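Data first, discussion second: the structure below is written as structure tokens.
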């Protein structure tokens with residue numbers, strides 16, 4: 001079971017959180033074809049509202065930023081209305097929610113968005129992209145102009161305002177896992193020779209501009225940023241991680257968002273310790289889990305807090321355990337994920353049908369599709 005620290009209340013800017021456990025953002029592909037959340041998503045998030053904070057799954061700030069089918073968006077009036085149902089459901093249960101805002105960059109396809117994907121450079125993802133018709137080869141993205149870079153920062157700011165209008169307590173800028181902002185940081189995805197490429201200072205510029213625009217739009221207390229130092233998701237490579245991230249973190253600290261969120265955090269790594277020393281506000285860390293047991297989750301979470309994390313973000317444990325906080329408090333066994341295919345498709349099955357303590361065990365049919373599922377992110381769920 002968890003120690004008292006992780007179960008104790010915490011502050012995130014002006015927000016009071018009832019515990020230090022954060023539900024990490026996880027793409028689940030349950031929005032409608034236009035990216036609008038519905039009643040099923042309301043149920044899913046309501047079930048998990050005992051988390052101290054829910055960071056709701058990546059929502060796109062504009063049409064060209066769409067990655068896969070049925071991912072939610074936050075750039076239109078219908079999206080705002082749909083998300084209000086989700087935030088209202090969580091609020092009814094006493095929970096707090098931020099919304100992650102993510103632009104896919106080269107991780108996209110015209111068959112999904114109707115638009116040609118854009119990226120820092122014309123370097124394609126060396127993989128397939130999942131579409132309604134199944135997996136198709138990725139296309140070569142178009143290199144963004146400086147005007148498009150500035151417009152995209154404004155789109156993030158507008159999306160943040162929409163999120164607040166939809167009832168979220170704040171937003172998370174996604175600069176991780178091989179999507180657009182991370183692509184500007186990458187060595188193999190950013191081949192630019194202008195002010196957004198080449199040196200570390202130039203490559204961090206876009207993330208800083210987006211974060212500044214979002215902070216200016218909704219206030220620093222309502223903004224967090226997610227980073228993934230050294231993570232190679234979506235075939236992204238960093239040749240200078242240990243130099244890159246201190247520069248980025250110092251720049252973000254000057255802007256002053258409420259938190260920094262590190263994916264796959266290693267508490268023993270010198271870079272983690274350096275980031276903790278540099279970061280002046282709340283640090284959220286996502287552990288590297290081994291065997292998905294109560295003991296492993298508790299031990300890894302506590303180790304991160306001992307190393308300086310203020311809050312701990314958990315992904316897959318919350319996916320399969322709506323009552324994760326109570327299970328960890330009691331030291332009860334965790335539900336295991338029934339079928340990875342159902343992470344990204346299946347409507348309620350593998351989504352809202354996981355049992356809480358006292359329920360009958362969940363029975364999820366084993367699905368063995370004849371073809372690769374049409375909707376499946378290229379990035380494994382964190383934590």
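The values are calculated or read from the model by the stated rules, or taken from the named source; none is laboratory data. What you see is a predicted model; the values in this text were computed from it and never measured. Quick reminder, even Gly has a Cβ in these numbers, built from the backbone with ideal geometry, and neighbours come from all protein chains shown.
Couple of notes before you dig in:
- Residue within the range 192-213 that is assigned to a strand (DSSP E or B) and under 20 Å from residue 98 (Cβ atoms) present: no
- Verdict on residue 184 being buried (at least 17 other Cβ atoms within 10 Å of the Cβ), outside any helix (DSSP H, G or I) and touching a residue at least 40 places away in the same chain (Cβ under 8 Å): no
- Among the numbered conditions (1) surrounded by 14 or more Cβ atoms within 10 Å (Cβ to Cβ); (2) more than 21 Å from residue 174 (Cα to Cα), the only one that residue 272 does not meet is (2).
- Every pair of residues 6+ apart whose Cβ atoms lie under 6 Å, when the first sits in the range 25-36 and is on the phi < 0 side of the Ramachandran plot while the second is modelled with pLDDT of 95 or more and surrounded by fewer than 23 Cβ atoms within 10 Å (Cβ to Cβ): 26/315; 30/40; 31/70; 36/78
- Residue check, residue 257 closer than 29 Å to residue 38 by Cα, touching a residue at least 24 places away in the same chain (Cβ under 8 Å), surrounded by 14 or more Cβ atoms within 10 Å (Cβ to Cβ) and in contact with a helix residue (DSSP H, G or I) (Cβ under 6 Å, 6 or more places away or on another chain): no
- Filtered by the rule that a residue be out of contact with any helix residue (DSSP H, G or I) (no Cβ under 8 Å at 6 or more places or on another chain) and part of a loop (DSSP other than H, G, I, E, B), the range 261-280 gives 268, 269.
- Some residue of the range 138-158 being surrounded by fewer than 18 Cβ atoms within 10 Å (Cβ to Cβ), over 21 Å from the mean Cα position of the chain (by Cα), in a loop (DSSP other than H, G, I, E, B) and in contact (Cβ under 8 Å) with a residue 60 or more places away in the chain: no
- When the range 127-159 is filtered for residues that are touching a helix residue (DSSP H, G or I) at 6+ places or on another chain (Cβ under 7 Å) and closer than 11 Å to residue 210 by Cα, the ones remaining, listed by number, are 149, 153, 154, 156, 157.
- The test for being in contact with a helix residue (DSSP H, G or I) (Cβ under 8 Å, 6 or more places away or on another chain) and under 15 Å from residue 149 (Cβ atoms) does not hold for residue 201.
- Matching option when the condition is buried (at least 17 other Cβ atoms within 10 Å of the Cβ), touching a residue at least 60 places away in the same chain (Cβ under 8 Å) and over 23 Å from the mean Cα position of the chain (by Cα), among 196, 179: 196
- Any hit, the range 286-306, residues being assigned to a loop (DSSP other than H, G, I, E, B), modelled with pLDDT of 95 or more, over 30 Å from residue 349 (Cα atoms) and in contact with a helix residue (DSSP H, G or I) (Cβ under 8 Å, 6 or more places away or on another chain): no
- Hits in the range 125-137 (condition: assigned to a loop (DSSP other than H, G, I, E, B) and surrounded by 14 or more Cβ atoms within 10 Å (Cβ to Cβ)): 125
- Some residue of the range 219-227 being farther than 25 Å from residue 126 by Cα and free of Cβ contacts under 8 Å to residues at least 12 places away in the same chain: yes
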